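Okay, structure first, notes after.
Taken together, the values in this text are just the output of simple stated rules run on the coordinates, not laboratory data. Computed from a predicted structure; not experimentally measured. Cβ placement follows ideal geometry from the backbone for every residue including glycine, while neighbour counts extend to all protein chains displayed.
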Amino acid sequence: MTALSAARDLLGELTGTAPDGIWSAPGRVNLIGEHTDYNEGFVLPFAIPHRTYAAARRRDDDRIRVASTFADEAVEVALDDLSSLFPSDGDLRVPEWSAYALGVAWALRELDASAPGIRGVDLAIASDVPVGAGLSSSAAIEGAVASALNDLWNLDLGPVTLARAGRRAENEAVGAPTGIMDQMASMLGVADAATFLDCRSLETQSVPTGFSDAGLELLVIDTRVKHAHSTGGYRDRRDACERGAARLGAPALRDVSVEDLPRAAALMDETTFRRVRHIVTENQRVLDTVAALRTDGPQAIGDLLTASHASMRDDFEISVAELDTAVDAALRAGAIGARMTGGGFGGAAIALVAHADVATVTDAVEGAFSDAGFAAPHIFTVAPSAGPRRDA
Ligand code: GLA
């Protein structure tokens, strides 16, 4: 069954009737620019064909109910009680899966709780974005729910405002200290192009990837090592970046250039310096990738992707053995570039591969995983895809 019909059926079970509509939003891969978003820098993600669907129906009262194929039980709450669900002590009062959806409802209501269209709603969520794979399954939920509520509540908000509401849900409802890349990538997806985003101004430009014209495919290698960003390493890297910027007297690492690095080395401990060096060089690699795509085409970006991986492995230290194995095996088998994608500590790698080499690279990565005693990876191709839409 498709995720679209699963969402429709689940809403039927919940309400005994048909939805008013079904909305969907995509997951994403990040082509390059990792951990640069919360440093107010540059990223170049694109939306993928995998989507999350929200079937929705208006209610006659002021309650919101959300159900999902991930969970056995629906969660129901009065709209006025939404803000009490997400205390700042991080002690969530609802299951985490539901906080992405309820957090979006809360964030949209925070913009204008007296908007006349706001009333109770039932939501049923189903997804074909792999969870915990670094493909932004959470941003896809947020995008689908934000799109549904935007229409059902007659809010008439644009994609950037909806992306900000999604990020607020993630940061303040779920408590994951993430940046805005994933929500912007999902909300602003365009077929055949990546989204070049300035995370300070939130200005975007579509940059055609040219993959298919050049006979290239982007392979996703999901290592199946699950990650979560609400705790641990992600927050720790964020702190190191803030510390580094403060030592340099810079508002954010976005304001530090490659030429500043020798000075930076003298001002901070060695680990903090390596964290800073990753962000500063990664921002430059994003700019170089955009320039290369525009002038020379996608064949020219392979070394930038691979250099990004080395920087995350050695300086930012967010890779894991499975990701390094995927990247190394893909490159040895002829990929023109490869890197881990997303927040790290698990999740997926990407490899840019000539169409004719897809089978060879896939076999090589599967073989390397088996030799290393790792569980089999899940490998598939993705093409840049469109953002949110109303499906029914
Ligand atoms: C996760 C976060 C993003 C971004 C990436 C790393 O996907 O949600 O905001 O920080 O990690 O680039």
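Here are some notes:
- Estimated FRET transfer efficiency when R0 is 30 angstrom, pair GLU73-THR360 (beta carbons, to 0.05): 0.05
- Virtual spin-label span in nm between ALA265 and ASP236, 7 Å along Cα→Cβ: 2.5
- ³J(HN,Hα) computed for each position of region 310-316 - Karplus, 6.51 cos²θ - 1.76 cosθ + 1.60, integer Hz, glycine/proline x: 4, 5, 6, 6, 9, 8, 8
- Rounded to 10°, Cα long-axis angle of helix 3-15 versus longest principal axis of the chain: 30
- As a size descriptor, the averaged projected area of the C-alpha convex hull of the chain was calculated at 19.2 nm².
- Applying 1/(1 + (r/R0)^6) with r as the Cβ-Cβ distance of LEU287 and ARG389 and R0 = 30 angstrom yields a FRET efficiency of 0.45.
- With R₀ fixed at 41 Å, the C-beta to C-beta distance from ASP60 to ALA321 puts the FRET efficiency at about 0.15.
- Three principal axis extents describe the C-alpha atoms of region 233-392; from largest down they are 49, 39, 38 Å.
- Of the trypsin sites (Lys or Arg not before Pro) found in region 49-158, those that fall in a DSSP loop while having at most 16 other beta-carbon atoms within 10 Å are ARG59, ARG93, ARG119.
- Binned Cα-Cα distances of region 3-206, short to long, each 10 Å bin given as a whole percent: 10, 38, 37, 14, 1
- Normalised Debye scattering of region 303-367 at q = 0.22 Å⁻¹ gives log10 I(q)/I(0) of -0.81, counting only Cα atoms as equal scatterers and leaving out solvent.
- Packing rank of 123-133, 205-215, 31-41, 255-265, where each peptide gets the mean count of other beta carbons within 10 Å, highest leading: 31-41, 123-133, 205-215, 255-265
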